[in-house]
Amino acid sequence: MIVKKKHFVSKFFTLPLLFASVSLQSKHSLLASRDSSAGMDSAAGQILYPLHRCKTVHLVRHAQGVHNVAGEKNHDEYMSYDYFDAHLTPLGWNQVDNLRKHVKASGLSKTIELVVVSPLLRTMQTAVGVFGGEVYTDGISEQPLMMENVGHSDHLAVSSLNCPPFIAVELCREQIGVHPCDKRRAISEYRNMFPAIDFSFIESEEDILWKPDVREKIEEVSARGLKFLEWLWTRKEKEIAVVTHSSFLFNTLRAFGKDCHPDMKSEICKHFGNCELRSVVIIDRGMIGSSESTTNYPGKIPSGPDVPSEAAD
């Protein structure tokens, strides 16, 4: 169900998560920026958190869809059923190929443990194309992630081997309602197109969220986005890719960055381009779902008091 605005007001200001933008080179850093100003001592702009209270999330907006091309020419085209559950354009597939090369060259393909994807055609095409296995061939026992020619793509089938698991989650869908491009198909159709994606988290076979005459308010999108981030903390994985949409990303991220330098807030909250990947760290300040550390070591074993050096003879 769509979260109502009255719920948004309280959750928006109390969600105990901290978002920090990170580079690939420093994604495992324990430091997150907070409020600072020019000329302030550099230590004042740092916060230290335990690593096991953090998750690295790689946010991706889907590649160019046919609705994007039409909507840029005439915004009224977003109302057209010609773009129902819009698929990627040939340029969109080129964007996917380029991002896939980057993911492999940067080493992300070896560290991402889970791919979470919005259950719409363009996001699933993007997710599978970027993070999926190689071309699927006959004789492989495992189901393919994507069948051949899904969405009139002329794209070969994609293997589910040697890649992380994929799950579809409704919470990270695009702003819901009115625009047919944001209406999903029946889940049974998607299962035929994307056999190895896990759709078990979606409760309804049909799209009961999308209404032809009611557009989800941006406050409701934000509240849904924060609920999605809380849900991520129920996952055991520490490094997750999320493939989703422009409005969802913008209205989710705008809740963050109020306690950091204006330049960092701008970096976090700016709109995503098609097939853009942006890496962030989520810090669990409120102990929502953190697990025990896998890297900490207790030190002296057996336990017992250490004599201070100044007390020794």
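Here are some notes:
- Segment 76-197, accessible area per residue, ligands and nucleic acids excluded (1.4 Å, Å²): 42
- Potential lengthening of the chain between Lys258 and Glu134 amounts to 40.5 nm, from the contour at 0.36 nm per residue minus the alpha-carbon distance.
- Spin-label model distance (nm) - Val307 vs Ser188, 7 Å beyond Cα toward Cβ: 7.8
- Carbon and sulfur %, accessible surface of segment 218-313 computed with the full protein complex present, 1.4 Å: 55
- Applying the criteria of a DSSP loop state and at most 15 other Cβ atoms within 10 Å to the chymotrypsin sites (Phe, Trp or Tyr not before Pro) of segment 179-262 yields Phe201.
- Karplus 3J(HN,Hα) series, Hz, for segment 118-126 with 6.51 cos²θ - 1.76 cosθ + 1.60 (x for Gly, Pro): 5, x, 10, 4, 5, 6, 5, 4, 5
- Compared with the alpha-carbon gap, the fully stretched path from Ile208 to Ile47 is longer by 53.7 nm at 0.36 nm per residue.
- When both segment 151-172 and segment 42-77 are represented by their alpha-carbon centers, they are found 19 Å apart.
- In segment 253-298, trypsin sites (Lys or Arg not before Pro) in a DSSP loop with at most 15 other beta-carbon atoms within 10 Å: Lys258, Lys270, Arg285
- Think of segment 160-313 as having a plus end and a minus end, set by charges on the Cβ of Lys, Arg, Asp and Glu; of Val281, Phe199, Ser188, Ser188 sits farthest toward the positive end of this dipole.
- 3J(HN,Hα) along segment 202-217, derived from phi through the Karplus expression 6.51 cos²θ - 1.76 cosθ + 1.60 where θ = phi - 60°, amounts to 9, 7, 10, 4, 8, 7, 8, 7, 7, 10, x, 10, 10, 9, 4, 5 Hz, with x in place of Gly and Pro.
- 3J(HN,Hα) along segment 46-52, derived from phi through the Karplus expression 6.51 cos²θ - 1.76 cosθ + 1.60 where θ = phi - 60°, amounts to 10, 9, 9, 9, x, 4, 6 Hz, with x in place of Gly and Pro.
- A simple spin-label model places the labels of Ser141 and Asp82 4.8 nm from each other, with each point 7 Å out along Cα-to-Cβ.
The values are calculated or read from the model by the stated rules, or taken from the named source; none is laboratory data. What you see is a predicted model; the values in this text were computed from it and never measured. As a convention, Cβ positions derive from the backbone with ideal geometry for all residues, glycine included, and neighbour counts pool all protein chains shown. Surface areas here come from the heavy atoms of the whole protein model, side chains and all, with no ligands, DNA or RNA. Shrake-Rupley method; radii C 1.70, N 1.55, O 1.52, S 1.80 Å.
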